[in-house]
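Here the structure comes first, spelled out in structure tokens, and everything after it is commentary.
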Amino acid sequence: MIQRAARLVGITVCLPLFAYAQQPTWQAPPKLVVGVVVDQMRVDFIYRFWDNFGEGGFKRLVNEGAFCRDAQYPYSNTDTGPGHASIFTGSLPAYHGIVANDPYDRRLKRIGYCVEDTSAILLGVDERSMGVSPRPMQATTLADELERASSGKAITIGISLKDRGAILPMGRTADAAYWFQDMRNGFVSSNWYMDELPVWIKTFNQQNGAATYMSGIWDLLLPFDRYHSPLPDNNSYESPLPDAAAPVLPVDLDSLAKGKRATTAFINTPGANNILTDLALQAIKAEGLGADAITDMLSISYSATDKLGHRMGPLALELEDMYLRLDLEIARLLKGLDEGVGTGNYTLFLTADHGAPDVPAYRASLGASAGYMDLKAVEEKVGIALRKVYGEGTWVLAVDDEKLFLDRELVRSKGLTIQAVQAIAADAARTVPGMYDVYTAYDLEHAPSSSGPRWLVANGHHPDRGSDLYFVNLPGYIAAYPASPASGTDHGGTWMYDTHVPLIFFGKGIAKGELVKRVEITDIAPTIAMLIGCSLPDATVGQAIPEVLK
């Protein structure tokens, strides 16, 4: 009797543990996950523009959501393609394979494109254009895992001005990606996803919203004295919009719309962000996103901020005005989600694919350590050094941003080791002014580091798609080829202005508050996967952020 009672007690004690394991305590997943990427947004923009933001956009996200104030990219090559891929895979360029926007292709011996696919055909264009698709992706995304978990019943759509900003977040098995082709064709897609554009996209294009937004005058949203730019509106550190006489507001959009570069001008204006919000809200309605219990996903990449940022830099009055207008778009998006999906039924995160430094010429004028590292000088010095040691030959095949590719066939034909040739090339490149250090592919693969710039560069190096040399500029310097530009900025490096970006989680399942500990951009995908209840993307290296989850 006693022995049987003891066994019953043991069973009783174990039952709650068994029940917990079999009946998880997490809540029902959101009906819709929305991933918002603001191209080239630095986290300090939230602080700088805070007093001019309205209550329904960025302020609502921060006040009602979880604001991760120290979110970092754990790799170099901080560009649009790698950024979007890393956000949604939870992985690194070293694993997902998107190492640059325009990677050098050793097999084709030319500069390629991160979503190039010669077998794909664009849908919705008047004439033949380069085919694009997610084929270059080598890892799954959240959208891929959501499709797998739902046996294909989830609806997964990516939209952006840029093709790579729409395609890469969705991975290889999503339902659709749409991007802005030009003023004539509007939003297009690839036959990777479908045989023909859906009726609602065709109807959207027929409404010609781009032309509507490219009419009238773009002037300041608020009185001039409310803005924070330290520069006068007309200054030498900014480049004007295409066909505009000077980098100043107001801008006559009607005049720019008549120019030969109307599409380029449009994607540098606030209206290019507005039309993405229009498209996102139409997609929710037309495709029934968030209409049932199966979790759907929508990614939105606001790209105009990057286009204008490159042209004018982070301190431009025009860029600040664009962010104030983007704040209104975020508010309109949230209101549309509240009404279309239901408050408390969706989860949204907002981040950026990279940041950017201030215009180096401007910083240098103030006495700061800033300037330009001449890529042409790097190419010449490396070529001279290798010819001096190993003889004549075209040793350098390409210089692509902060990367250099050697002719490995030439190296092999001379019976040399790539390790030795890379080492001599690196020593020559280190002598160029503005260079902090140079890392060889051999050293990254055989002697990795666990911190600092070398670690970041290693995380961006892919053994098959990587380069032979990686350059790290001094802080405040950007790479230029061939001459030093006096205006605009760039990105792609290892320093904080490139790697530190905003990260805000909002909506269902999110705990309100601020988090000041460091997190990495690769933590987004596993955090959202915990809410959805799906597998982590297959090459995930990040970890869920428990503090932002209820």
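The values are calculated or read from the model by the stated rules, or taken from the named source; none is laboratory data. The structure presented is a predicted model; accordingly, all values stated were derived computationally and were not measured. Cβ sites come from the backbone with ideal geometry, for glycine too, and all protein chains shown count toward neighbours.
Just give me the residues in the stretch 533-550 being over 24 Å from Arg148 (Cβ atoms), in contact (Cβ under 8 Å) with a residue 24 or more places away in the chain and not in a loop (DSSP other than H, G, I, E, B), in sequence order. Step through it out loud before you land on a result.
Just the residues of the stretch 533-550 that are over 24 Å from Arg148 (Cβ atoms), to begin with: 546-548, 550.
With in contact (Cβ under 8 Å) with a residue 24 or more places away in the chain added as a condition, the list becomes 547-548, 550.
Glu547, Val548 - these are the residues of the stretch 533-550 that are over 24 Å from Arg148 (Cβ atoms), in contact (Cβ under 8 Å) with a residue 24 or more places away in the chain and not in a loop (DSSP other than H, G, I, E, B).
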Task: Residue in the stretch 32-55 that is in the same structural domain as Ile330 (by TED's automatic domain parsing), among the hydroxyl-bearing types (Ser, Thr, Tyr) and touching a residue at least 24 places away in the same chain (Cβ under 8 Å) present - done: no
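Scanning for something over 23 Å from Val37 (Cα atoms), within 27 Å of the chain's Cα centre (by Cα) and surrounded by 16 or more Cβ atoms within 10 Å (Cβ to Cβ), does the stretch 159-166 turn up at least one residue?
To start, the set of residues in the stretch 159-166 that are over 23 Å from Val37 (Cα atoms) comprises none.
No, the conditions are met nowhere in the stretch 159-166.
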Task: the stretch 390-434, residues that are within 15 Å of Tyr104 (Cβ to Cβ) and either over 34 Å from the mean Cα position of the chain (by Cα) or surrounded by fewer than 14 Cβ atoms within 10 Å (Cβ to Cβ) (or both) - done: Thr394, Glu409
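With Leu308, Leu326 as the choices, which residue is buried (at least 24 other Cβ atoms within 10 Å of the Cβ), more than 16 Å from Arg60 (Cβ to Cβ), in the same structural domain as Ala100 (by TED's automatic domain parsing) and of a type in the set (A, V, I, L, M, F, W, C)?
Working: Leu326 fails: more than 16 Å from Arg60 (Cβ to Cβ).
Among Leu308, Leu326, only Leu308 is buried (at least 24 other Cβ atoms within 10 Å of the Cβ), more than 16 Å from Arg60 (Cβ to Cβ), in the same structural domain as Ala100 (by TED's automatic domain parsing) and of a type in the set (A, V, I, L, M, F, W, C).
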Open item on the list: Can you pull out every residue in the stretch 391-424 that is farther than 27 Å from Trp495 by Cα, outside any helix (DSSP H, G or I) and of a type in the set (Asp, Glu)?
Closed with: Glu392, Asp407
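Has the stretch 106-115 got any residue that is outside any helix (DSSP H, G or I), aromatic (Phe, Trp, Tyr), buried (at least 22 other Cβ atoms within 10 Å of the Cβ) and on the phi < 0 side of the Ramachandran plot? Break it down into steps so the answer makes sense when it comes.
Initially, the stretch 106-115 is screened for residues outside any helix (DSSP H, G or I), giving 106-115.
If we keep only those that are aromatic (Phe, Trp, Tyr) as well, we get 113.
Of the ones still in play, those that are also buried (at least 22 other Cβ atoms within 10 Å of the Cβ) are none.
Among the residues of the stretch 106-115, not one is outside any helix (DSSP H, G or I), aromatic (Phe, Trp, Tyr), buried (at least 22 other Cβ atoms within 10 Å of the Cβ) and on the phi < 0 side of the Ramachandran plot, which makes the answer no.
Name the residues in the stretch 332-384 that are charged (D, E, K, R), touching a residue at least 12 places away in the same chain (Cβ under 8 Å) and under 30 Å from Asp407 (Cα atoms), would you?
Keep residues of the stretch 332-384 that are charged (D, E, K, R), which gives 332, 335, 338-339, 353, 358, 363, 374, 376, 379-381.
From what is left, the residues that are touching a residue at least 12 places away in the same chain (Cβ under 8 Å) are 332, 335, 353, 358, 363, 374, 376, 379, 381.
If the condition is that a residue be charged (D, E, K, R), touching a residue at least 12 places away in the same chain (Cβ under 8 Å) and under 30 Å from Asp407 (Cα atoms), then Asp374, Lys376, Glu379, Lys381 are the ones that fit.
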Open item on the list: Just checking, does the stretch 202-219 include any residue being part of a helix (DSSP H, G or I) and buried (at least 23 other Cβ atoms within 10 Å of the Cβ)?
Closed with: yes
Open item on the list: Is it the case, given these coordinates, that Ala94 is among the aliphatic types (A, V, I, L, M), out of contact with any Gly (no Cβ under 6 Å at 6 or more places or on another chain) and modelled with pLDDT of 95 or more?
Closed with: yes
